[in-house]
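The values are calculated or read from the model by the stated rules, or taken from the named source; none is laboratory data. Computed from a predicted model, the values in this text were never measured in an experiment. All Cβ positions, even for glycine, are placed from backbone atoms using ideal geometry, and neighbour counts span all protein chains on display. In case anyone asks, the SASA skips ligands and DNA or RNA and just uses the protein heavy atoms, side chains included. Shrake-Rupley method; radii C 1.70, N 1.55, O 1.52, S 1.80 Å.
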Amino acid sequence: MGSTSVTGYSIPQKALHWMMALLIFFNLIFSDGMEHWNRLMRRGEPITPDDIFSANIHAYVGIAILVLCLVRLCLRVVQGVPAAPADEPPIAKLVAKVTHWAFYAIFLAMPLSGIGKYYFGNDIAGELHGGPIKTLLWALIGLHILGVLVHQFLWRTNLLRRMA
């Protein structure tokens, strides 16, 4: 899965990480167009071309995240990933590994559930998309940032350098 000789992420891996981060934050923060479309659909109210355009932006960004995730997984398998810092506590290594794989699961589940709702009208997928999956994604983002800050400022491992 990852070579222990890898000391840093490749330029494509770094680019994918930051592109996905930007797209994910965009969709998390600017989801109003999709939410408005969804409210109109639930109420049976008329939907304008502008409503569809706004919802489509959210959908297309989500599909882009899904595609980038698949490319990123392929690169992870082919190029490997850097090993955890040697002096990192075993529990922190486990949390990091679980968190990273949970991110990949959510990077797949979030767009797929959104596609299920938007394109196929599956209400359960929509509830999962806007509820527990979204909440878990925010929690993982917080945990991820906290982990980087602990490494950078408490343990002083300069972990951030590998992805910057």
**Fill in**
Computed over segment 18-145, the relative contact order (Cα-Cα under 8 Å, seq sep at least six) in percent reads 21
**Complete:** Most packed first (mean Cβ within 10 Å per residue), the peptides 118-131, 52-65 order as 52-65, 118-131
**Prompt:** Angle between the Cα long axis of helix 132-149 and the longest principal axis of the chain, 0 to 90 degrees, nearest 10?
**Reply:** 30
**Request:** With the full set of protein chains in place, find how many percent of the accessible area of the chain is carbon and sulfur; take the probe as 1.4 Å.
**Result:** 72
**Fill in**
With Cα coordinates, the longest principal axis of the chain makes an angle with the long axis of helix 11-29, in degrees rounded to 10, of 40
**Item:** Estimated translational D of segment 1-144 in µm²/s (Stokes, Kirkwood radius over Cα pairs; 25 °C; 0.890 mPa s)
**Value:** 147
**Fill in**
Given a 1.4 Å probe, the accessible area of the chain per residue, as a whole number of Å², is 60
**Request:** Give the angle, between 0 and 90 degrees and rounded to the nearest 10, that separates the Cα long axis of helix 90-118 from the longest principal axis of the Cα atoms of the chain.
**Result:** 20
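Cα-Cα over 24 Å: which of Lys93/Lys117; Lys97/Lys134; Lys97/Lys117?
In this structure, Lys93/Lys117; Lys97/Lys117 lie more than 24 Å apart at Cα.
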**Complete:** Neighbours of Tyr104 by Cβ distance under 14 Å: Lys/Arg at +1, Asp/Glu at -1, summed charge +3
